[in-house]
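One structure is given below, encoded as structure tokens.
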Amino acid sequence: MLYPQTNDARLVFSLDGVWDFKTAGETDYPTEWTSAALPEPIPMAVPGSYNDQNDMTDLYDVYGWVVYQRTFSLPERTIEGQRVVLRFDAATHAADVYLNGEKLGSHKGGFLPFEFDVTGKVKAGDNLLAVAIDNRINQSTLPIGNEGNVAFFGSDNAGIPSVEAGKRWAKPQNRPNFDFFNFAGLNRHVELYTTPETYIADVAVTTKSVTEGLGEGETGPATIGYEVTLGGEFAAKRDDHVTVTIQDEFGNTVATATGAKGEITLPAAHLWNPGAAYLYTAHVDLAGFAESESDEYDQTFGIRTVEVKDQKFLINGKPFYFKGFGKHEDSYFHGRGTDQLLNVKDVSLIHWLNANSFRTSHYPYAENMYDLCDREGIVIIDETPAVGMSWPQYTNKPLFEHHQQVIRDMIARDKNHPSVVMWSLANEPWYDQGGEKSESALKYFTPLYELAHEVDPQNRPVTIVCCQNDYTKDLVTRTMDVVCLNRYYGWYNLSGDLDAACYALNYELDWWEKIGKPVMFTEYGADTMEGVHGTHGKMWSEEYQRDYFARIDAEIDKRPWFIGEQLWNFADFVTIQGTMRVEGNRKGILTRDRQPKMAAHFLRDRWAKIPNFGYKG
């Protein structure tokens, strides 16, 4: 699905702004709210999570449906003879969409785009757009949750009669199987866009071969492949009307080709490298029989290869070392709402920290962040929202089919981003029980692994992020292209004892060495309250977090097949309220408002000494 773009053939109309908003029912919403003005609405900014936007009404723990509504009008001359599409970059987690009282359709999944062809449905004058959104999570959603009225954290007193009596009065709430807040609503942009009736529906650009070992600023021969998919009634007859022009980063034409599919060789190509990004543009023209029937689209791309070989992760044939973190789309007031200013700030901090990568924990992020990382040379592990999975979900066919669709949609959206070097199928699924349960997990994830390889035109490596488990019974992680470990020795296990933590870590890593795969951390860390200090660095202090990373990093540095360290977390973030968290998860090396803790300075110095390529030989 191409991102909306304004050019000589297309127009984009933003529907961002302040919408009308109202909470509805736990299990449904009044359908009359979709065809007439909302009764006593409150204002709600789009994009943005609704949870923190209003202080007169407590929206933090909304359970169930809400309704957004706004009117819009389009100049008739701009859409005459054009295809008109209504697009949502995301709606968390399920949405029903209505235009002028007519239901356009529904969508399940809160982190990927969806759209509706509204040609002929948009009328002259005012149009009423209504979106009903359900934030409930359950055993068939990604991420996984539980519906009910029992608090997620704190069940020590479950046997006390008064507590049991109190549960009857507890309000229904989402009980997530994940440790981040369930921010919901229209978190990303909403747009209307136009195309000609026969149009460019998709563009895929792949790197076929490069000259390996090129340094920054050096060039060499490279071959790229491209495939243009057309849509509309006459699409099948227009493949030979496609022209592809390759432009360098200054807009100069360096190659051209005709036809909807082919290969192009560039004799002096610049490679896209971590920390040294170089972006080309594939300008696609679809010639029409008349000017109004022509279409065009600009697709940026980078020339680079990705491969796993001999326990190394190779980018452009050179062994890459991951330095970075897991992140979250999380900030004050916006919640998970798209915030380009915050994206720019975060990328500047990634550079300041001398990091080179992050994982989109635990869901695909908004597309403008990927665009920025393409431009800035930041490497991304792109992850589905499959977090919180365990037995018996591995036998849940509807969930499996939804998981398949999410993988297809994520790869279709993000396939052209050079910053994306690996796909993550899930975060911390539990599958270490042994026996039949572990076998069922293997049967669940193996076809998803194969699917990701099948639908990715670049055939990037595929992984799964494994939790602190009994790795000897884990049949899934060892089958992935890269072993990604979330490990908390010294925090959740062997708490406060870094000597024992390092011994346990080495004991486990000795086992993983025999598997023969590249291994990296995708989470490790310690909760830290900024401003808490101590001469001996006890848990929760800034000194303990610094010492934790220093000790653990020293152990992984000894192992040449350990290819990276992505700690948990880039910044503090909000979780569900409970006795385990003080205003959220505090494992960030930055505070939620992006101020560095002591560990950030330690890691900045460490990562400055570790090159992107060739670390450990």
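The values are calculated or read from the model by the stated rules, or taken from the named source; none is laboratory data. What you are looking at is a predicted structure, and each value in this text was computed from that prediction instead of being measured. Counting neighbours? That spans all protein chains shown, and the Cβs are built from the backbone with ideal geometry, glycine included.
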Can you tell me how many residues in segment 157-192 are closer than 30 Å to N368 by Cα and out of contact with any Asp or Glu (no Cβ under 9 Å at 6 or more places or on another chain)? 6
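A quick yes/no check of all residues on (1) at pLDDT below 95; (2) basic (K, R); (3) surrounded by fewer than 18 Cβ atoms within 10 Å (Cβ to Cβ); (4) within 30 Å of S331 (Cα to Cα):
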| site | (1), (2), (3), (4) |
| --- | --- |
| P176 | yes, no, no, yes |
| R188 | no, yes, no, yes |
| T195 | no, no, no, no |
| A201 | no, no, yes, no |
| K208 | no, yes, yes, no |
| G217 | yes, no, yes, no |
Give, as residue ranges, the strands (runs of 3 or more DSSP E) completely inside segment 295-388 that count at least 3 residues that are at pLDDT 95 or above and crowded, with 24+ Cβ neighbours inside 10 Å. 322-326, 357-359, 379-383
Determine which single condition C466 fails, assuming it passes every other condition in (1) within 22 Å of P364 (Cβ to Cβ); (2) modelled with pLDDT of 95 or more; (3) of a type outside the set (K, R). (2)
Limited to segment 504-557, what total is found for residues that are in a loop (DSSP other than H, G, I, E, B) and among the hydrophobic types (A, V, I, L, M, F, W, C)? 5
R188 being basic (K, R), in the same structural domain as Q139 (by the TED database) and in contact (Cβ under 8 Å) with a residue 24 or more places away in the chain: yes
Would you confirm whether any residue within segment 31-48 is of a type in the set (S, T, Y), closer than 24 Å to D126 by Cα and not in a loop (DSSP other than H, G, I, E, B)? yes
For segment 207-228, enumerate the residues that are in a strand (DSSP E or B) and either without any contact (Cβ under 8 Å) to a residue 12 or more places away in the chain or closer than 16 Å to P267 by Cβ (or both). T207, K208, S209, V210, T219, G220, P221, A222, T223, I224
Could you list all residues from segment 170-222 that are of a type in the set (S, T, N, Q) and under 30 Å from D61 (Cα atoms)? Q173, N174, N177, N182, N187
Hey, can you tell me all the residues within segment 57-86 that are of a type outside the set (S, T, Y) and assigned to a helix (DSSP H, G or I)? E76, R77, I79
Please list, ordered by first then second residue, the pairs with beta carbon atoms under 7 Å, 6 or more apart or interchain, first in segment 38-58 and more than 11 Å from G185 (Cα to Cα) and in the same structural domain as A132 (by the TED database), second among the β-branched types (V, I, T) and part of a loop (DSSP other than H, G, I, E, B). I42/T57
In segment 38-58, the residues that are of a type in the set (A, V, I, L, M, F, W, C) and either exposed (fewer than 13 other Cβ atoms within 10 Å of the Cβ) or at pLDDT below 95 (or both): M56
Number of positions in segment 244-258 that are out of contact with any strand residue (DSSP E or B) (no Cβ under 6 Å at 6 or more places or on another chain) and either free of Cβ contacts under 8 Å to residues at least 24 places away in the same chain or among the small types (G, A, S) (or both): 3
Of the conditions (1) modelled with pLDDT of 95 or more; (2) touching a strand residue (DSSP E or B) at 6+ places or on another chain (Cβ under 7 Å), H241 satisfies every one except a single condition; which number is it? (1)
Please determine whether any residue of segment 71-86 is under 27 Å from R175 (Cβ atoms) and either within 27 Å of the chain's Cα centre (by Cα) or modelled with pLDDT of 95 or more (or both). no
Options A441, A426; residue that is outside any helix (DSSP H, G or I) and among the aliphatic types (A, V, I, L, M): A426
For residues that are over 12 Å from the mean Cα position of the chain (by Cα) and of a type in the set (A, V, I, L, M, F, W, C), scanning just segment 394-421, find the one that is surrounded by the most Cβ atoms within 10 Å (Cβ to Cβ). V421
Taking I515 as meeting all but one of (1) surrounded by fewer than 20 Cβ atoms within 10 Å (Cβ to Cβ); (2) touching a residue at least 40 places away in the same chain (Cβ under 8 Å); (3) within 30 Å of the chain's Cα centre (by Cα), write down the number of the exception. (2)
For segment 97-118, enumerate the residues that are under 32 Å from the mean Cα position of the chain (by Cα) and touching a residue at least 40 places away in the same chain (Cβ under 8 Å). Y98, K103, K108, G109, G110, F111, L112, P113, E115, V118
Between a first residue in segment 145-172 that is at positive phi and assigned to a loop (DSSP other than H, G, I, E, B) and a second residue that is surrounded by fewer than 10 Cβ atoms within 10 Å (Cβ to Cβ) and modelled with pLDDT of 65 or more, which pairs have beta carbons less than 8 Å apart while being 6 or more apart in sequence or on different chains? G154/T579
Is it the case, given these coordinates, that T522 is under 24 Å from C502 (Cα atoms) and either surrounded by fewer than 19 Cβ atoms within 10 Å (Cβ to Cβ) or of a type in the set (V, I, T) (or both)? yes
Being of a type in the set (S, T, N, Q), surrounded by 15 or more Cβ atoms within 10 Å (Cβ to Cβ) and over 23 Å from V379 (Cβ atoms) is the filter; apply it to segment 439-475 and report the residue that is farthest from the chain's Cα centre (by Cα). S440
